[in-house]
Amino acid sequence: MEARGAQQAEPGVPNSAVDLAFADLAALPDTDAADEYHAAPLLDLSRRMPFVVSINVLAAALFVWLGWQQLPNGPLVWWLGALTIVCGWIACSARSITLGNLERSVSRMRDQVIVCAAVVSAVWASCPALFLADASQDFRIVIVALTMGISGLGATLLARLPWAALTFSSLLTSALALSLMPLSGRSALIVIGYGVSLALVVVLSYRRESNYARQIIETRRQAEIIALLLREFEAGSSDWIWETGPDGRLTYVSDRMAQLTGRGRERLVGATLLQAAGRARRAGTWRQIAQLMAGHETLHETLVPVSGRSNSMWWQLTARPLLGADGSFRGYRGVGKDVTARRHNEINVFKAKEAAERESKTKSEFLAVMSHELRTPLNAIVGFSQILAEQKEGPHASPNYAEYARAIHQSGCHLTSLINDILEITRFERGSISLVEQELDLVELIDVCLRMCRQSAADSQVTLVQKYAFSQLELRGDLTRLRQILINLVTNAIKFSPNGSNVSVALERLPDGRIACAVTDNGIGIDPTKLERIFEPFAQVDGGISRRFGGLGLGLAIARRLARLHGGDIIIASRPNAGTVARLVLPASRVLSATASSSTDEAAA
């Protein structure tokens, strides 16, 4: 855009009070909105030009009529003729102020208006210069009043074109003041003050209007930016935007939605979401959406089935209700997303999960059946081998037979234990494990477990040490299952402890009221990165054919599941070659009563 104003200094450096007053105008952005702002007053003035010309001619005719008897007639006629010619020229010039010309050059048209204002003001300024000195005292008042009135009227009509308004009023009031100066200095000062007041009114009015214009232009620019971003979003995103009226029919849809449905935007606008999706009203998800929208509730990532151009699709809809300033419902505005690929992946994952669960269930059933089938002959092997080992039917022909029978009995017992573990883990997977709860003394239960493990500890040359903080600890739980957990933890500690070392069993109460039974060994330890893996069924920390310790890896898995059935847990803390601490933690809600112990250290074996 061209510079605004009659004269302009270097950009951004105002060199006068007037330049400073119009600084906001110069700062208006170079946009179509700014052009419209500057063109509007020109078009408005063009429409009012017949009225302006008529007022000038009538005022001049009235002045001539009043002064015909008091002023020289010749100058009056010449002055009226000059004003009429100027008004005619202005009327012709106003016809060139059209929208087409303004689109080419607003600045040129504005300069043309300033020139016209200067010419008209010069003709009116000649009135006091020609007639004021020869007029009577009373008629001087008429001349001054007419001149000041024309000055104020012109400034008002040209207020939206400040340079033209200032040019018109300043020339007219200056000429009047100069004409009055020889006759009455006081009146001249009053006219000067009137002219300055007019100038201030014009400047302040324009300043206020320019600020308002800046707000409008900024609002338009933000709207254009938002529209541009919206178009960029729609062009580069798989999401789309939609909007409905209060009747639920679409008032706006993105091109992306039209592409997915295979229908043009003109066909989608006016349809409901259900019609746009091509679904029947009986679809369950769509019934839910209809209920939510009827209640003016928010839609949040709702999945709905859609009939696409070639196959079925899934959309994810998110929207919120639009409310007017008075709280009235105006419809919905939301975002849609094509989640067909994600939905298919979820369905495939679900099917794979179901297949895996079926396979796992089949495996568990197979293991359970096989374990039961194996236990029947094993019971016979264990029972008869024990009879042979103890020589209950008489001595054997060879002493070696008794040793063989004991080896068969031990192997059978070990195999029975493995089979029992397999049966136990399959029962967990089928969810058929339940607790038979009763009141019990945990201290006494630990003592029983240590006695049951004493022979195993002696065979491994391991000493069992008891460290109790209680002499009696009553709680509620499943006696059999708690004994199974404790025996598992103690036998594990014995198995992984070196000869001549200690395995300690400590019983204490934690600060939050829970009960902890800690079994500590000085064995090989466990890598911290593998601590969680040891609770998985059939997992082995020391895996491979070279592992030194037997077992199926089911003991800790069973122990943790039994502990969690009690509302507790098994917590392992260990480091390689630094031993392991396995804690059975039970919730405080299971404790019925506790009696502190005076002695906390006792060797059990």
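The table for this structure:
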{"item": "Identity of the residue in region 183-227, of a type in the set (Ser, Thr, Tyr) and more than 59 Å from the chain's Cα centre (by Cα), that ends up nearest to Ile141 (Cα to Cα)", "result": "Ser187"}
{"item": "Residue within region 324-332 that is at pLDDT below 80 and surrounded by 17 or more Cβ atoms within 10 Å (Cβ to Cβ) present", "result": "no"}
{"item": "The lone exception for Gly327 - which of (1) assigned to a loop (DSSP other than H, G, I, E, B); (2) among the small types (Gly, Ala, Ser); (3) under 17 Å from Glu243 (Cβ atoms) it fails", "result": "(3)"}
{"item": "Answer residue from region 170-211, given it is in contact (Cβ under 8 Å) with a residue 60 or more places away in the chain and of a type in the set (Ser, Thr, Tyr) and is farthest from Val120 (Cα to Cα) among those", "result": "Ser210"}
{"item": "Total residues in region 485-503, condition under 17 Å from Asp447 (Cα atoms) and surrounded by fewer than 18 Cβ atoms within 10 Å (Cβ to Cβ)", "result": "1"}
{"item": "Region 176-188: number of residues that are touching a helix residue (DSSP H, G or I) at 6+ places or on another chain (Cβ under 8 Å) and over 19 Å from Leu157 (Cβ atoms)", "result": "8"}
{"item": "Residue within region 576-595 that is modelled with pLDDT under 85 and basic (Lys, Arg) present", "result": "no"}
{"item": "Qualifying positions in region 514-530 - within 42 Å of the chain's Cα centre (by Cα) and over 17 Å from Ala578 (Cα atoms)", "result": "Arg514"}
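The values are calculated or read from the model by the stated rules, or taken from the named source; none is laboratory data. Note that the structure is predicted; figures quoted are calculated from it, not measured. Quick reminder, even Gly has a Cβ in these numbers, built from the backbone with ideal geometry, and neighbours come from all protein chains shown.
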